[in-house]
1. With the requirement that a residue be of a type outside the set (Asp, Glu), surrounded by 15 or more Cβ atoms within 10 Å (Cβ to Cβ) and touching a residue at least 12 places away in the same chain (Cβ under 8 Å), what does the stretch 153-163 give you?
2. Taking the stretch 30-59 as the region of interest, how many residues are open to solvent by 100 Å² or more (accessible area, probe 1.4 Å) and among the polar types (S, T, N, Q)?
3. Could you please give the count of residues in the stretch 142-168 that are under 18 Å from the mean Cα position of the chain (by Cα) and assigned to a loop (DSSP other than H, G, I, E, B)?
4. Specify the residue that is least open to solvent (accessible area, probe 1.4 Å); the eligible residues are those in the stretch 1-15 that are out of contact with any strand residue (DSSP E or B) (no Cβ under 8 Å at 6 or more places or on another chain) and at pLDDT 85 or above.
5. Any residue that is open to solvent by 60 Å² or more (accessible area, probe 1.4 Å), closer than 30 Å to Asp144 by Cα and not basic (Lys, Arg) - is there at least one of those in the stretch 83-100?
6. Please work out which one of (1) open to solvent by 30 Å² or more (accessible area, probe 1.4 Å); (2) at pLDDT 85 or above is the condition Tyr27 fails and give its number.
7. So in the stretch 101-117, with the set limited to residues that are among the polar types (S, T, N, Q) and farther than 21 Å from Arg70 by Cα, which one is surrounded by the fewest Cβ atoms within 10 Å (Cβ to Cβ)?
8. Is the stretch 190-207 home to any residue that is modelled with pLDDT of 85 or more, touching a Lys or Arg at 6+ places or on another chain (Cβ under 8 Å), farther than 30 Å from Lys235 by Cβ and of a type in the set (A, V, I, L, M, F, W, C)?
Amino acid sequence: MSEAFDCAKCSESLYGRKYIQTDDGPYCVPCYDSTFANTCAECQQLIGHDSRELFYEDRHFHEGCFRCCRCQRSLADEPFTCQDSELLCNDCYCSAFSSQCSACGETVMPGSRKLEYGGQTWHEHCFLCSGCEQPLGSRSFVPDKGAHYCVPCYENKFAPRCARCSKTLTQGGVTYRDQPWHRECLVCTGCQTPLAGQQFTSRDDDPYCVACFGELFAPKCSSCKRPITGLGGGKYVSFEDRHWHHSCFSCARCSTSLVGQGFVPDGDQVVCQGCSQAGP
């Protein structure tokens, strides 16, 4: 008698039948599939030994079941993306989840370099300066009414310009006669001393420090011979063609202040009424 040749599971004879040999012994095809075959994640049917099986993230699929969940295109030989456990071909994924470039209107493909700002998306090569039209990339930029400018273009187009040197003011600066100036450009017309942060005046629209203005334009005190600028609340007295600081307007004989008092001219000097009546 010939030796028994039976299925390791159902014990039915395998003579004349198709079988599959394993380490545990031979199996008839139905027993082999029910014991070893994986279940398709899509159709929930066993993936038979003679079927092409695809595997992705701990899931098994028949070749025909491994397809885009939207357009049903086979993904067996196509690039695909998994979104919330659903398999999508690249076209369906881009249509559903990718952004449109605000410049060219084309899809910004997943994984491609892009820029996002203010709820909008651009291809990296489409995000250009509205002035020089060069890619902004990772450079600093300034938005303005829907446009985007690199810093040099924005400063050239919009930044205020110094009234003296005509160059742009990027930060700081001072205002003189309702015009912007670099702090280092606002200097005394006489001595070139910087005037920002200190008291100064002007003549014919030219700025002067107090010292230069006094030396060049202010009348001189008839007593101390120093300039009378009138700046900073300084008061002075004038008589005919002569001028005095308040503190210098005093009797030439007794040194009594004559501010608000009667006085008498005495040559190039002034004296109080008392000294005048007393005689020389």
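The values are calculated or read from the model by the stated rules, or taken from the named source; none is laboratory data. The structure presented is a predicted model; accordingly, all values stated were derived computationally and were not measured. All Cβ positions, glycine included, derive from the backbone under ideal geometry; neighbour counts span all protein chains shown. Surface areas here come from the heavy atoms of the whole protein model, side chains and all, with no ligands, DNA or RNA. Shrake-Rupley method; radii C 1.70, N 1.55, O 1.52, S 1.80 Å.
1. Cys153, Tyr154, Arg161, Cys162, Ala163
2. So the count comes out to 2.
3. 3
4. Going through the qualifying residues, I end up with Ser11.
5. yes
6. (1)
7. Per the criteria, the residue is Ser112.
8. Taking every residue of the stretch 190-207 in turn, none turns out to be modelled with pLDDT of 85 or more, touching a Lys or Arg at 6+ places or on another chain (Cβ under 8 Å), farther than 30 Å from Lys235 by Cβ and of a type in the set (A, V, I, L, M, F, W, C).
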